[in-house]
Amino acid sequence: MDLVLNVADDYFFTPYVYPSSWPEDEPLRQIFGLMVVTNLGAAILYLGLGALCYFFIFDHKLMQHPQFLENQVQREIKYALWSLPYISIPTVALFFAEVRGYSKLYDRVDESPLGWSGLIFSMVSFLFFTDMCIYWIHRFLHHKLIYKYFHKPHHVWKIPSPFASHAFHPVDGFLQGLPYHIYPFFFPLHKVLYLALYVFVNIWTISIHDGDYRVPSLMEKIINGSAHHTDHHLFFDYNYGQYFTLWDRIGGSYRYPSAMMGKGPHDHIKKLMAEGKLSSDSLNGHTTNNKNGVHVKKE
């Protein structure tokens with residue numbers, strides 16, 4: 001994160017915000033700067049990537065599903081933007097530790113113990129490490145003693161839109177993001193690669209809420225995609241994984257996606273249409289207002 005902070009210092013903070021007498025490596029200044037870039041970056045990634053996915057990938061027919069809530073998209077965005085600043089507080093503490101040199105992040109490839117092959121290894125290990133950690137954190141958040149306090153707000157969205165991706169309770173959001181931030185404290189990782197993986201994580205988090213249930217046939221049993229994660233929202237005790245189905249299979253929580261068996265949300269909408277409870281005309285717009293006899297569930 002020091003790369004982002006340095007750019008912000010060079011082009012914004014130093015010439016326009018902070019007095020020249022305040023050194024760029026002063027701890028309090030770094031904390032303030034990290035708070036700004038973390039919150040701004042998170043909001044830009046969430047809103048920008050979410051909007052691209054919502055307008056170009058998300059199937060708006062899903063908004064006519066009976067379990068798609070009234071004004072759900074607006075509520076998802078509002079909840080996420082309320083939560084992100086709270087999540088940023090402990091996150092900035094970890095970023096500050098990175099900036100102060102306590103992590104294993106490095107600047108140049110020749111600093112890697114394995115050279116260029118180390119970059120490839122770190123990408124793979126990052127995915128498997130974070131997938132394993134998130135599985136168990138996610139499953140822990142479903143424990144009956146704590147579920148209603150932290151994770152239940154995310155499960156309000158039974159049929160999620162891309163904007164549900166970051167609509168977490170702050171404690172939930174931080175805990176599920178924690179593996180990404182602690183990885184470079186345990187394993188060497190190139191700083192640029194770390195930023196690239198951070199963007200990828202946000203893209204993936206949005207993609208598993210995008211309602212596009214297609215997965216290459218060869219990867220259906222390996223990749224935890226939107227179809228798998230939608231079943232998690234619908235059926236609660238299945239498909240806790242982030243990228244892969246590995247830990248769900250090990251933990252006995254794997255469920256083959258209902259969408260791939262012809263029993264998913266799209267199939268339910270088709271059934272309603274066949275029964276005359278939903279007209280094809282109502283699927284052409286992006287509104288959730290239902291005028292064709294289908295009850296749109298409120299929270």
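The values are calculated or read from the model by the stated rules, or taken from the named source; none is laboratory data. Since we're looking at a predicted model, the values are computed, not measured. Because the Cβ atoms are built from the backbone with ideal geometry, glycine has one as well, and the counts that use them run over all protein chains shown. These area figures cover heavy atoms from the full protein model, side chains too; ligands, DNA and RNA do not enter into them. Shrake-Rupley method; radii C 1.70, N 1.55, O 1.52, S 1.80 Å.
The table that follows gives values for the structure above.
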read-out: Flag for PHE95 being farther than 24 Å from HIS190 by Cβ and of a type outside the set (S, T, N, Q); value: no
read-out: Failed criterion for HIS228 (all others in (1) more than 19 Å from TYR135 (Cα to Cα); (2) buried (at least 21 other Cβ atoms within 10 Å of the Cβ); (3) out of contact with any Asp or Glu (no Cβ under 7 Å at 6 or more places or on another chain) hold); value: (1)
read-out: Cβ pairs under 9 Å, 6+ apart, first in the range 173-191 and closer than 16 Å to PHE128 by Cβ and in contact (Cβ under 8 Å) with a residue 40 or more places away in the chain, second part of a helix (DSSP H, G or I) and basic (Lys, Arg); value: PRO184/LYS191
read-out: Selection within the range 8-24 - aromatic (Phe, Trp, Tyr) and open to solvent by less than 70 Å² (accessible area, probe 1.4 Å); value: PHE13, TYR18, TRP22
read-out: Positions within the range 105-118 being closer than 15 Å to PHE187 by Cβ and either open to solvent by 30 Å² or more (accessible area, probe 1.4 Å) or modelled with pLDDT of 90 or more (or both), in sequence order; value: LEU105, TYR106, GLU111, PRO113, LEU114, SER117
read-out: The listed residue being open to solvent by less than 50 Å² (accessible area, probe 1.4 Å), in contact with a strand residue (DSSP E or B) (Cβ under 7 Å, 6 or more places away or on another chain) and of a type in the set (Phe, Trp, Tyr), out of TYR240, TYR213, TYR183; value: TYR183
read-out: Residue count, the range 25-60 (criterion: open to solvent by less than 70 Å² (accessible area, probe 1.4 Å) and assigned to a loop (DSSP other than H, G, I, E, B)); value: 3
read-out: Options GLY276, GLY293, GLY285: the member that is open to solvent by less than 90 Å² (accessible area, probe 1.4 Å) and at pLDDT 60 or above; value: GLY276
read-out: Residues within the range 100-114 that are closer than 30 Å to GLN30 by Cα and part of a loop (DSSP other than H, G, I, E, B), tallied; value: 9
read-out: All helices (runs of 4 or more DSSP H) inside the range 115-201 with 3 or more residues being under 15 Å from TYR243 (Cβ atoms); value: 116-141, 170-186
read-out: Odd one out for HIS166, checked against (1) within 18 Å of LEU81 (Cβ to Cβ); (2) surrounded by fewer than 20 Cβ atoms within 10 Å (Cβ to Cβ); (3) not aromatic (Phe, Trp, Tyr); value: (2)
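Yes/no per residue for (1) in contact with a Pro (Cβ under 9 Å, 6 or more places away or on another chain); (2) open to solvent by 50 Å² or more (accessible area, probe 1.4 Å); (3) polar (S, T, N, Q); (4) closer than 19 Å to ASP59 by Cα:
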position: MET219; (1), (2), (3), (4): no, yes, no, no
position: ASP248; (1), (2), (3), (4): no, no, no, no
position: TYR256; (1), (2), (3), (4): no, yes, no, no
position: MET261; (1), (2), (3), (4): no, yes, no, yes
